[in-house]
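In what follows, a structure is listed as structure tokens, so that the remarks can point back to it.
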Amino acid sequence: MATYHSTRSHEAPLTSKEAIRRGIAPDGGLYVSDELGCTQIPLAGLSEMGYLNLAREVLAALLTDYAPEEIAACVSEAYEETFADAEITPVRRLTPANADGVPTHVLELWHGPTSAFKDVALQMLPRLMARTGSNDGTGDEKIMIVTATSGDTGKAALAGFADAPGVGISVFYPEGKVSRVQELQMSTQEGANVAVCGVRGNFDDAQTAVKQIFADRELAERLATQGVMLSSANSINVGRLVPQVVYYFAAYAQLLRSGDISCGDEVEFCVPTGNFGDILAGYYAKRLGLPVARLIVASDANNVLFDFLTTGTYDRKRPFFTTTSPSMDILVSSNLERMLYYLSDGDVELVSRLMGQLADEGSYTLPNELLSKIQEVFACGWADEDEVARAIKACWNENGYLIDPHTACGYHVLSHMPAIPGSKARILLSTANPYKFPRAVASALGLFCPPDDFACMQVLEKATGTCAPAQLAELQDKPVLHTDVVDIDGMASFVEQAAGGLK
């Protein structure tokens with residue numbers, strides 16, 4: 001059975017159920033398993049496997065203490081009749097190939113209930129967590145999920161956990177720094193167990209405060225007297241990360257079925273990312289046997305990951321930009337810690353020291369040998385706001401295909417980076433439906449943008465012949481149920497108050 005421990009210590013190993021239930025290690029580290037890659041997903045027969053079968057296979061390899069019938073039930077509950085496309089995460093081929101002849105495909109991750117890639121994991125996480133112990137509604141212990149969001153995680157987590165038995169959820173988002181559609185998705189969320197709150201600050205401020213809440217032993221003791229423990233729905237939770245591995249295999253299987261690649265061919269993935277979880281799932285897939293030639297990190301103007309992967313120095317002491325791709329407006333990429341653990345061959349002392357330097361000094365620098373190992377796996381690029389807008393327009397003009405600003409960062413990076421030798425296909429992960437950001441997309445296409453985002457949706461529909469998902473277009477008619485806004489130092493009190501209302 002695979003066990004999990006902190007990235008900062010080999011002590012106190014846990015089962016995957018225990019790691020998912022706790023969310024984050026007591027020392028602030030993230031849970032990892034040294035058995036990653038011991039089980040390989042066979043490529044033979046991959047083309048014949050649909051998404052649900054692939055999910056069962058991948059989850060069984062990574063969450064070994066879940067019984068096969070538990071995994072099967074989780075997969076069925078998460079993906080049957082909850083996604084608008086039968087493939088769950090369909091692949092679309094873009095028309096022109098690169099100058100080197102390697103075709104580019106888009107992996108659409110936004111066909112779930114909130115129109116963002118987070119749905120793939122956050123439809124699964126509540127089901128996994130419900131099978132971790134007494135959290136089936138019959139025991140006394142309750143879980144309070146505490147999550148900071150840069151835009152999409154919040155709504156996807158709310159949708160996944162709303163009215164789940166034995167669970168409450170508190171979501172914090174940076175006030176004024178998410179799109180109007182994203183804000184309404186959260187503030188209109190129904191459910192007796194949900195709490196949503198704006199934060200005066202940026203996402204990094206909120207995420208840091210959430211980690212401090214998890215480390216607050218006095219708060220934990222007070223909540224324990226009420227029968228409540230804290231956990232997370234952010235990608236720091238391994239139960240959030242593992243389901244994302246599946247769609248890398250699903251993309252490869254679809255390309256096999258379409259004849260675009262042959263079994264064993266290497267492919268590249270380009271991933272718009274801020275918190276590093278989405279692309280880390282691609283690294284997990286590589287460790288599980290997927291022929292990944294290279295993983296390309298695409299950043300927006302908050303290009304801390306680009307600088308890190310280029311120089312080996314991670315420095316969060318830099319200007320923060322509010323961009324049209326808010327889910328990537330992040331300066332502290334939490335999941336990078338897991339990558340450092342694996343590529344340093346499990347050097348917990350090094351990881352702990354680097355994370356301490358980041359917390360205390362705001363930066364750290366990798367040993368040259370470790371940087372070289374990372375650069376063998378990960379490439380990088382970034383796009384400023386003008387380049388994002390041009391990429392949206394270019395993708396529409398060249399392919400008749402509409403993309404959101406996050407996906408546009410990846411489109412720009414791919415268009416300026418030659419394919420790696422030996423790669424047979426390039427796959428761009430599309431992380432959000434373009435109608436989540438109608439103003440940015442319409443403006444990039446040179447269309448008139450009315451003051452109201454929902455009027456922008458109508459302009460975009462008329463000009464492109466595409467349609468906004470009903471769950472987005474109907475937001476304007478829903479009542480706002482959550483209006484709280486707090487300072488950073490008020491977040492812990494908000495959580496404690498929300499926990500006191502759990503039933």
Looking only at the range 1-27, and only at residues there that are of a type outside the set (Gly, Ala, Ser) and not in a loop (DSSP other than H, G, I, E, B), the one that is nearest to Pro243 (Cα to Cα): Ile20
Hits in the range 373-399 (condition: without any contact (Cβ under 8 Å) to a residue 24 or more places away in the chain and open to solvent by less than 60 Å² (accessible area, probe 1.4 Å)): Ala394
Qualifying residue in the range 338-358 (condition: part of a strand (DSSP E or B) and either modelled with pLDDT of 95 or more or more than 30 Å from Leu255 (Cβ to Cβ) (or both)): no
Unique match (being open to solvent by less than 20 Å² (accessible area, probe 1.4 Å), within 25 Å of Ser333 (Cα to Cα), part of a loop (DSSP other than H, G, I, E, B) and in contact with a helix residue (DSSP H, G or I) (Cβ under 6 Å, 6 or more places away or on another chain)) among Ser170, Ser150: Ser150
From the options Leu219, Leu256, Leu280, residue that is open to solvent by 10 Å² or more (accessible area, probe 1.4 Å), assigned to a helix (DSSP H, G or I) and in contact (Cβ under 8 Å) with a residue 24 or more places away in the chain: Leu256
Selected residue (only one of Gly259, Gly282 is closer than 25 Å to Val102 by Cβ, over 13 Å from the mean Cα position of the chain (by Cα) and at pLDDT 95 or above): Gly259
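Taking only the range 291-337 into account, find how many residues are over 16 Å from the mean Cα position of the chain (by Cα) and either hydrophobic (A, V, I, L, M, F, W, C) or part of a loop (DSSP other than H, G, I, E, B) (or both).
20
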Unique match (being touching a Ser or Thr at 6+ places or on another chain (Cβ under 6 Å) and assigned to a helix (DSSP H, G or I)) among Ala72, Ala78, Ala121, Ala61: Ala61
Of residues in the range 452-481 being open to solvent by 30 Å² or more (accessible area, probe 1.4 Å) and assigned to a loop (DSSP other than H, G, I, E, B), the one nearest to Gly166 (Cα to Cα): Leu481
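The values are calculated or read from the model by the stated rules, or taken from the named source; none is laboratory data. Worth saying up front: this structure is predicted, and the values here are computed from it rather than measured. Note that we place each Cβ from the backbone using ideal geometry, even for glycine, and neighbour counts take in every protein chain shown. Side chains included, ligands, DNA and RNA excluded: accessible areas come from the protein's heavy atoms. Shrake-Rupley method; radii C 1.70, N 1.55, O 1.52, S 1.80 Å.
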